[in-house]
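The values are calculated or read from the model by the stated rules, or taken from the named source; none is laboratory data. Being a predicted model, the structure only gives us computed values, none of them experimental. We place every Cβ from the backbone using ideal geometry, glycine too, and count neighbours over all the protein chains shown.
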Amino acid sequence: MNLPETLAVARPPLTGGGTTSLPQIRSLAGAMPGPRSTEWDDRRRRSVSAAVSTTLPVYAAAAGGGVLVDVDGNSFIDFASGIAVTSVGSSAPPVVDAVKAQLDQFTHTCFMVTPYGPYVEVAELLNRITPGDFDKRTALFNSGAEAVENAVKIARRYTGRPAVVAFDHAYHGRTNLTMALTARNQPYKSGFGPFAPEVYRAPMSYPFRDGGRSGQAAAAQVIAGIESQVGAENLAAIILEPIQGEGGFIVPADGFLRELASWARANGVVFIADEVQTGFARTGAMFASEHEQVEPDLIVTAKGIAAGLPLAAVTGRQEIMDAPQRGGLGGTYGGNPLACVAALASHRMIEEYGLVDRARRLGEVVFERLRALQSADPRVGDVRGRGAMIAMELVKAGTLEPDAALAEAVVDFAHRHGVILLRCGTLGNVVRLLPPLVIDESLLGEGLDVLADVFASGGAR
């Protein structure tokens, strides 16, 4: 049977907040959580591990464009995108149609048993669009954590060295190795050790909290620490997020990434960019490394890659990616065909709808509004990010002291008024915004109005 490459589907017009018929409105039917969500939550408590937490106990019934509708009919403005996953919107018709077409063919064969075209097409796509004009190879996995772990495996196999350097405020996942790479103890690491060895932590460039130190100076401190405490001859890889996600949307000072990448290249150390949260147009570039003109040896992607279907990848220099022995990489579900066609359709949307440029435009709107809040309220200590990945760090007025209670109050107020917001930050004092890139600008503005009301009304006191 001959199928067209990527199971191509027609592109609908970009309307209603982006490829969805769901009304793009904020509408609250009553108290939250409503009776049906409460019923589901009772069932959850009797069936799901208490260790699996949720931010907002309303149960989704539909989502699309810039809204999420719960089982009680409440319609929320979505400033979370499933943690930067549904960048092209949830259930975007081009993605849905591609997945439906693939469902009619087969759901699984395991690429390691009988391979299939969409896996190869995703690899070709990633080799083409990731930073770096050099020969690349790709391997597909299921989750960001799995891909990070495989990136470290590949780097160790290529270099023959054991050590890995990660950074303060880093988040790389919840497997044993990625917990070792992750900085924050609660809730990610506490009680789950011992962790994988030969992981060393370095200070991150954090302009709001390190006195505006230059990127070059911050990198020099990291390099000096590596050379004195680890030894370049023992170091397989440096891994970092070009913009840290869970750690607080920390954008390092200009030059920090370039200096580290240059040092790594000169010393035979693999430079790994974890772009799980920053990839696929989220920051106003296809990948955040591009903002600093950095070409990682390996780049890890997930989240926004497949519009909500589980898929992740490691892409990098051919000689590094081909270093592991035959059969050394893989997994039963890695590069599932449904996820692969979703990734291909999602990328077509990014290109055809100009979502890289749109992310920059959304960022301009959000930055303007949040900086106005910062000017009016000294508790908004910092506003930072790139594109549609923006956060504000909240502090005790007139200080740098983190105010996690204020961040919690802001998020709670937003939830009660129909806007889905998330917190982050090592100290829990950062409020982050990750709207879908297809959100209506008017809906975005309405959500920002709610956020401003938190401070103006006293709801965040």
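Quick notes
- Residue within the stretch 190-207 that is basic (Lys, Arg) and either without any contact (Cβ under 8 Å) to a residue 24 or more places away in the chain or touching a strand residue (DSSP E or B) at 6+ places or on another chain (Cβ under 9 Å) (or both) present: yes
- Taking the conditions (1) over 22 Å from GLY354 (Cβ atoms); (2) under 22 Å from the mean Cα position of the chain (by Cα); (3) aliphatic (A, V, I, L, M); (4) part of a loop (DSSP other than H, G, I, E, B) in turn, ALA63 satisfies each one other than (4).
- Taking the stretch 443-461 as the range and being free of Cβ contacts under 8 Å to residues at least 60 places away in the same chain and out of contact with any helix residue (DSSP H, G or I) (no Cβ under 6 Å at 6 or more places or on another chain) as the test, the residues that pass are ASP449, ASP453, ALA456, SER457, GLY458, ARG461.
- Residue list for the stretch 385-411, filter: surrounded by fewer than 21 Cβ atoms within 10 Å (Cβ to Cβ) and among the basic types (Lys, Arg): LYS396
- One residue stands out in the stretch 149-208 among those that are out of contact with any His (no Cβ under 6 Å at 6 or more places or on another chain) and β-branched (Val, Ile, Thr): the one that is farthest from GLY428 (Cα to Cα), namely THR159.
- Of residues in the stretch 387-412 being in contact with a helix residue (DSSP H, G or I) (Cβ under 6 Å, 6 or more places away or on another chain) and either modelled with pLDDT under 95 or not in a helix (DSSP H, G or I) (or both), the one farthest from MET32 (Cα to Cα): GLY387
- Of all the residues in the stretch 177-198, those that are modelled with pLDDT under 95 and surrounded by 19 or more Cβ atoms within 10 Å (Cβ to Cβ) number 1.
- Residues being surrounded by fewer than 24 Cβ atoms within 10 Å (Cβ to Cβ) and farther than 21 Å from ALA151 by Cβ - total across the stretch 232-250: 0
- Count - residues of the stretch 259-274 that are surrounded by 24 or more Cβ atoms within 10 Å (Cβ to Cβ) and farther than 24 Å from SER143 by Cα: 2
- Meets criteria (within 27 Å of the chain's Cα centre (by Cα) and under 30 Å from ALA288 (Cα atoms)) for THR107: no
- Each residue in the stretch 46-84 was checked for being surrounded by fewer than 23 Cβ atoms within 10 Å (Cβ to Cβ) and out of contact with any strand residue (DSSP E or B) (no Cβ under 8 Å at 6 or more places or on another chain), and 12 pass.
- Members of the stretch 262-291 that are outside any loop (DSSP other than H, G, I, E, B) and over 18 Å from the mean Cα position of the chain (by Cα): SER262, TRP263, ALA264, ARG265, ALA266, VAL270, PHE271
- When residues in the stretch 336-369 are screened for being farther than 29 Å from LEU451 by Cα and small (Gly, Ala, Ser), 5 of them pass.
- Count - residues of the stretch 262-285 that are of a type outside the set (S, T, N, Q) and either outside the structural domain of LYS303 (by TED's automatic domain parsing) or in contact with a Leu (Cβ under 8 Å, 6 or more places away or on another chain) (or both): 8
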